[in-house]
Structure formats: structure tokens, C-alpha cells
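The values are calculated or read from the model by the stated rules, or taken from the named source; none is laboratory data. Note that this is a predicted model, so its numbers are computed, not measured. Cβ placement follows ideal geometry from the backbone for every residue including glycine, while neighbour counts extend to all protein chains displayed. Just so you know, the surface numbers come from the protein's heavy atoms only, side chains and all, with ligands and any DNA or RNA stripped out. Shrake-Rupley method; radii C 1.70, N 1.55, O 1.52, S 1.80 Å.
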Amino acid sequence: MSLAELFPAVKTLPRADKLRLMQYLVVDLAREEGVPLLEAEADYPVWTPLNAFDAAETLMQLLDEHRASR
């Protein structure tokens, strides 16, 4: 099937099917490119600035340097 034939067929799909088609294409392309995908039921670390005292100190130093250079 060519793209010229495919586009009108996709346009007639219900919204949920269009979303499933998008998901299928993204997953397929990611696998072809070797991009790791998120897996269901897996744990992923998420960084939070909570208790990131070193980062806060670095930002304060940069702010102080900026103020001093004015």
C-alpha cells in the first residue's frame, strides 16, 4: 500500500485507533534505531531537587558571582 492510499485510510480511523497506530510506529522506529523503551512494571529513578544541598549551594555561588560582577 502506498502512502497516497494509506493517508485517507488513516484519516477515517477513530481517534483511539489513530493513537494506537502512532504508538505502534513509535515503538517500531525506536526498536529499529536501538533506542531502549520504557517497560511496564519497571522502576525508573526520578531526580528531585529535594535535599539537593550541593546543587543549591552551587546555584547560590553563581548568583553571588553574578551580583558581584554587576
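Have a look at 35, 46, 10 and point out the one that is open to solvent by less than 100 Å² (accessible area, probe 1.4 Å) and not in a helix (DSSP H, G or I). The unique qualifying residue is 35. Every test in (1) part of a loop (DSSP other than H, G, I, E, B); (2) open to solvent by 100 Å² or more (accessible area, probe 1.4 Å); (3) modelled with pLDDT of 95 or more is passed by residue 20 save one, and that test is (1).
Pairs please, first residue from region 37-61 and within 30 Å of residue 25 (Cα to Cα), second anywhere and among the β-branched types (Val, Ile, Thr), Cβ atoms under 8 Å, 6+ apart in sequence or on different chains. That search, which allows pairs on different chains as well, returns 37/27.
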